[in-house]
Amino acid sequence: MKSAVIVFPGSNCDRDMAVALEKITGTKPLMVWHQDYDFETVDFIALPGGFSYGDYLRCGAMSARSHVMKEVIKRANDGVPTLGICNGFQILTETGLLPGALMRNANLHFVCKDVAMTVENTDTLFTKDYAGGEEIIIPVAHHDGNYFADDDTLDRLEGEGQVAFKYTSDINGAQRQIAGITNARGNILGMMPHPERMIEPALGGSDGRKLFTSLMNTLN
Amino acid sequence: MNDIQITPELVAEHGLTSEEYERIVKAMGREPNYTELGIYSVMWSEHCSYKSSRFHLKKLPTEAPWVIQGPGENAGVIDIGDGQAAIFKMESHNHPSYIEPYQGAATGVGGILRDVFTMGARPVANMNALRFGEPDHPKTRHLLAGVVEGIGGYGNCVGVPTVGGETNFDPSYNGNILVNAMTVGLADTDKIFYCAAAGVGNPVVYVGSKTGRDGIHGATMASAEFTEDSEEKRPTVQVGDPFTEKLLIEACLELMATDAIIAIQDMGAAGLTSSSVEMASKGGVGFELDLDKVPQREENMLPYEMMLSESQERMLMVLKPGREEMAQKIFEKWELDFAVIGHITDTGNLTLKFGGEVVGDMPINSLVEDAPEYERPYVPTPKREAVDVAPVNDLNKAVLDLVGGPNLCSRRWIWEQYDHMVMGDTIQRPGGDAAVVRVHGTDKALAISTDVTPRYCYADPVEGGRQAVAETWRNITAVGGTPLAITNCLNFGNPERKDIMGQFVGCLEGMGEACRALDYPIVSGNVSLYNETNGSGILPTPAIGGVGVMKNSDRMATIAFKDEGEAIVLIGETKNELGASLYQREILGEDAGAPPHVDLALERRNGDFVRALIENGQVTTCHDLSDGGLIAALADMAIAGGIGVNVAVDGDLPLHAALFSETQARYLIAADTEVAETIRKEAKDAGIPVEIIGATGGDRLRVNNDAVDIPMSELAKAHTDWMPKFMAKEILTTG
């Protein structure tokens, strides 16, 4: 499985993502600097966490309009599996690849902690290896993870199985405790929690691994 | 602007005494102009020149076979084996944080990060040591909220985990909070960068953010006492941009991977002035700077402003000739300013040009070496006698009040606002004895702890100085690390007062002794004096940041009980040492008597024994005993593990002393009963006091049947709830 990790000025979970991908898939990912938008064909694209462009304007807003994202949007629309974690999720909503928006946490504080969430749909590229309804522990680390969409959109997301993960308790004020969603086609996943931080017992657990093994098993 | 007449009033406004001004005139052989006066005033400020502390700092031990660089550079460097080095330093940002808590704390983090990556290290961990006034003081909540948000706002964005620290409250900090930030970085031992400039004609390069008018005279502000109108100094507080810092880290590390850099220095306090003077002075050369070339954020900036600005996220470098273009490309890639602003000369002077004219010309030597050094008079703090400290009737209430009070309650509300996991190597998160961060891609790890007990330092500075060093050593030991070296942040009141100077001298004496006895030298540090408001000083607070190494990060202990039915082993003898204890202060509302004595030989013997147990895999649950004594440590371990505990304490001590005494050099271990028995025998054979005092299990904290008997749920709730309730104004609502 050939992966690319897109690196923006201010990305800071790019190395963590690369380490996780290499550890789990056995292949070093291609690190794509945002100016090198003409990157080679890959099986999977990751948009890592961080503070791209310093979160100026709105989280993810500047990156969403960058040259490299035009390329990512094109490939994602062509069906290339694409994952956005944290700031990556914010970028995906800012591009419109995923519906809704991520607002400031309801309590206005940054939050970094392990959270419990349930796997709502195991019939996606990213969640196949999880059991239906499985409760997993994955850390969050964000200031703007409060997922918002209008009720019609939320109903549609839930009805179509596009809600991939839900928190088991209120973490940041997100509507319907949504932690991660996919697009209608199912090849794009955005989520606030960081599965790449939960890949070995020394880090507190391994619940994030199955996300990467699901992908790998589908793509290989 | 250089036409401005230098008057005695202007000299005083610059924080210089008339004697110091005469010294400048003598050094220059003429009267300084306005720009030059500004430059001398910051270079000779307490903050930059250490004029009151240098004499005593020289007495501290700074050497060990593993020390690569001791004090005097941007940060200390120690060898951690396998061709790798840990680079670290702690620094204060007290005065600005009181005036503007968010930016003060944020730029404190930014500044210490730069000190570390300037030397070629990738920062891997941030720590901090915070002191606030009493919880019901009207400003405490606002300051705490702002400081925490500032530390998080900067560190989270830069992507360096904030892995731990300490936070305490005391009325003496009501008007002077302390914000001490520490950064630890990793580098290869053959890729360490220093600040000594060399090579006449070589280009002097400015990179990073543009220069604005912010922070002018920050260093001078940090060298004076506060008065009621100090808030008017808000404009002297700098504004940070962590996004630029992140780009600067990456750009500098990318350039450092080439061989283009001869010397590099961050622009911290006193900005362009101190960075250029430091680099030239260390290299024994002169600098000529063309100020028209300095990237400027505001229009019509004057030389005085450019030289004194403390705008953040800027660095100064000397490059090898011909490497400018390659270096510029790297900085352009990261969208940062890059400008050749001058060159090295052989004049030994700092020469400033602006608009084609020379606007300043000062001998570098005089800026550094002629700075005054004061051997300020002092009186040693009178020794306190040991005192009897009274028992209380309701032990349960005392335990709940301590564990669920401001000084021992959970700091989760704070550290959950810090990204403590980014970089994927945090293997011991905040809340334990020391933070543990893996050395990326290896089996090794660094253990880091910040500590000081200001109560002890106030009661007996020598003992308090010893204890601060010993406690970081013990905390690193308790997770299984081998302590290697420390950095410090010496926060004191006005050194012109004899009693304050006595505290300073006493604390340094104790620290030096402990460092020598524990083979634990000081490799970097910072002094923050004049922490006073209207003549009222803070408790002496020499914060220590210790760094240790673990060869095998799989062999690590944490404080949480792991299982029911494990035996609890107490290592070390408990004496009746309740003087200056937390129990005495918080429960009885008194502060009297001698603090606990630190026996450094015992400290070393007991610690080495405990560390070996962790290293050889016998023990994974360990906690050192400190504030609040045995009962506080038991409560921590039980709460962290979610498992109750039942112990029996006998012996000659009154029960309240056995539970709350803060005797040093003690540890609690929990282990399988057979392992515990082996440990007991081994300790006995080694002559180490040891006792199996009980076992884990159940859902209550119990001592001597029902002498203490508290449901775990109640204890955990008290521990968890205090800080969120306090911050939400649900308690102490007067504040």
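Computed from the coordinates by the stated procedures, all read-outs in this text should not be read as laboratory data. Just so we're clear, the structure is a prediction, and the values are computed from it rather than from any experiment. Cβ placement follows ideal geometry from the backbone for every residue including glycine, while neighbour counts extend to all protein chains displayed.
What whole-number volume per residue, in cubic angstrom, does the convex hull of the C-alpha atoms of the range B:429-498 give?
On the way: hull volume 7.9 nm³, N = 70.
Output value, Cα hull per residue: 113 Å³.
Over the range A:126-193, with a single point scatterer placed on each C-alpha, what log10 of the ratio I(q)/I(0) does the Debye formula yield at q = 0.21 1/Å?
Each listed q corresponds, in turn, to -0.94.
Just the number, please: Stokes-Einstein D of the range B:365-447 in µm²/s, Kirkwood Rh from C-alpha pairs, 37 °C, 0.692 mPa s.
Working: Rh = 19.0 Å.
The Stokes-Einstein estimate is 173 µm²/s.
Quick one: which residues, 5+ away or cross-chain, put their amide H under 5 Å from the amide H of A:ILE188? H built at 1.01 Å from N.
The answer is A:THR82, A:ASN183.
Using only alpha carbons, build the gyration tensor for the range B:547-703 and give me the equivalent ellipsoid semi-axes, biggest first, whole Å.
On the way: eigenvalues 119, 71, 44 Å².
Semi-axes from the Cα gyration tensor: 24, 19, 15 Å.
Just from its helices, what would the mean residue ellipticity at 222 nm be for chain B, if runs of 4 or more DSSP H residues each count -39500 (n - 2.57) and the sum is divided by every residue, rounded to the nearest 500 deg cm²/dmol? Each step should come with its number before you reach the end.
Values: 24 runs with 252 residues, N = 735.
About -10000 deg cm²/dmol.
Which order, highest average first, do B:286-292, B:547-553 follow once you tally other Cβ atoms within 10 Å for each residue and take the mean per peptide?
Working: B:286-292: 20.7, B:547-553: 22.7.
The most tightly packed comes first, giving B:547-553, B:286-292.
Quick one: which of B:704-712, A:163-171 comes out on top by average Cβ neighbours within 10 Å, and what's the full order, highest first? Present the calculation step by step, with values, prior to reporting the outcome.
On the way: B:704-712: 15.7, A:163-171: 19.0.
Top of the packing list down: A:163-171, B:704-712.
Packing-wise, with mean Cβ within 10 Å as the measure, how do B:34-46, B:409-421, B:116-128 rank, highest first?
On the way: B:34-46: 25.2, B:409-421: 22.8, B:116-128: 27.5.
Put in order of decreasing packing, that is B:116-128, B:34-46, B:409-421.
Under 8 Å for C-alpha pairs, at least 6 residues apart: give me the relative contact order for the range B:132-226, rounded to a whole percent.
Values: 40 pairs, mean separation 31.0, N = 95.
33 percent.
What per residue convex hull volume, in Å³, do the alpha-carbon atoms of the range A:42-120 yield?
On the way: hull volume 10.0 nm³, N = 79.
Expressed per residue, the convex hull around the Cα atoms of the range A:42-120 is 127 Å³.
Once the convex hull of the alpha carbons of the range B:636-685 is built, what does its volume come to per residue, in cubic angstrom?
Values: hull volume 6.1 nm³, N = 50.
So the per-residue Cα hull volume is 121 Å³.
Using only the alpha-carbon atoms of the range B:85-163, report the extent along each of the three principal axes, biggest first, to the nearest angstrom.
44, 20, 18
If all Cα-Cα distances of chain A are sorted into 10 Å bins from 0 onward, what percent lands in each bin, rounded to whole numbers?
Once binned at 10 Å, the Cα pair distances of chain A give 9, 39, 40, 12, 0.
Taking the Cα atoms of the protein assembly as shown, what is the range of coordinates along each of the three principal axes, in descending order and whole Å?
Largest to smallest, the principal-axis extents are 80, 80, 54 Å.
Please state the shape class of the range B:11-165: rounded when a/c is under 1.5, otherwise prolate if a/b exceeds b/c and oblate if not, all from the C-alpha gyration tensor.
Numbers: a/c = 2.15, a/b = 1.23, b/c = 1.74.
It comes out oblate by the Cα gyration axes.
So what is the 222 nm mean residue ellipticity for chain A from helices alone, if each DSSP H run of at least 4 adds -39500 (n - 2.57) and you divide by all residues, rounding to the nearest 500 deg cm²/dmol?
On the way: 6 runs with 56 residues, N = 220.
Computed mean residue ellipticity for chain A: -7500 deg cm²/dmol.
Could you pull out the pairs from B:LYS397/B:LYS717; B:LYS89/B:LYS139; B:LYS191/B:LYS329; A:LYS23/A:LYS128; A:LYS2/A:LYS128; B:LYS58/B:LYS498 whose alpha carbons sit more than 23 Å apart here? All intermediate terms of the calculation are to be shown ahead of the outcome.
Details: B:LYS397/B:LYS717 14 Å; B:LYS89/B:LYS139 29 Å; B:LYS191/B:LYS329 21 Å; A:LYS23/A:LYS128 19 Å; A:LYS2/A:LYS128 19 Å; B:LYS58/B:LYS498 20 Å.
Pairs exceeding the cut-off: B:LYS89/B:LYS139.
Lys and Arg at +1, Asp and Glu at -1: add these up for the other residues within a Cβ distance under 14 Å of B:VAL708 and post the number. If you can, show how the numbers build up before the last one.
Values: positive: B:LYS397, B:ARG700, B:ARG702; negative: B:ASP394, B:ASP401, B:ASP706, B:ASP709, B:GLU714.
Neighbour charge sum, excluding B:VAL708 itself: -2.
Among B:GLY199, A:ILE24, B:GLY38, flag the residue with its Cα farthest along the positive direction of the charge dipole of the protein assembly as shown, charges on Cβ as +1 for Lys/Arg and -1 for Asp/Glu.
Sorting the options by dipole projection puts first A:ILE24.
If you bin the C-alpha pair distances of the range B:344-488 every 5 Å from 0, what whole percents do you get?
Pairs per bin, as whole percents: 2, 7, 9, 10, 11, 11, 9, 8, 11, 10, 6, 3, 2, 1, 1, 0.
Please get the size of the charge dipole for chain B, origin at its Cα centre, with Cβ charges of +1 on Lys and Arg and -1 on Asp and Glu, quoted in debye to the nearest 20. Each step should come with its number before you reach the end.
Numbers: 60 positive and 106 negative charges, 149 e Å.
Dipole about the Cα centre, nearest 20: 720 debye.
Would you report the distance distribution of C-alpha pairs in the range B:491-591 as whole percents per 5 angstrom bin, up to the bin with the largest distance?
The distribution over the range B:491-591 is 2, 8, 11, 12, 16, 18, 13, 9, 6, 3, 1, 0, given as percents.
Roughly what % of Cα-Cα distances in the range B:35-104 sit above 16 Å, to the whole percent? Could you put the intermediate results ahead of the total?
Details: 1626 of 2415 pairs.
I get 67 percent for the Cα pairs in the range B:35-104 exceeding 16 Å.
So, counting K/R as plus one and D/E as minus one, what does the shell of residues with Cβ under 9 Å around A:LEU30 add up to? Write down the numbers at each step before the final one.
Working: positive: A:LYS2, A:LYS28; negative: A:GLU40.
Result for the local shell: +1.
Based on Cα positions only, what radius of gyration and what Dmax would you give for chain B, in angstroms?
Cα-based Rg and Dmax for chain B come out at 25.9, 85 Å.
Any idea what the dipole of the protein assembly as shown comes to, in debye rounded to 20, about its Cα centre with Lys/Arg Cβ at +1 and Asp/Glu Cβ at -1? Can you show the working numbers first?
Numbers: 79 positive and 134 negative charges, 231 e Å.
It comes to approximately 1100 debye.
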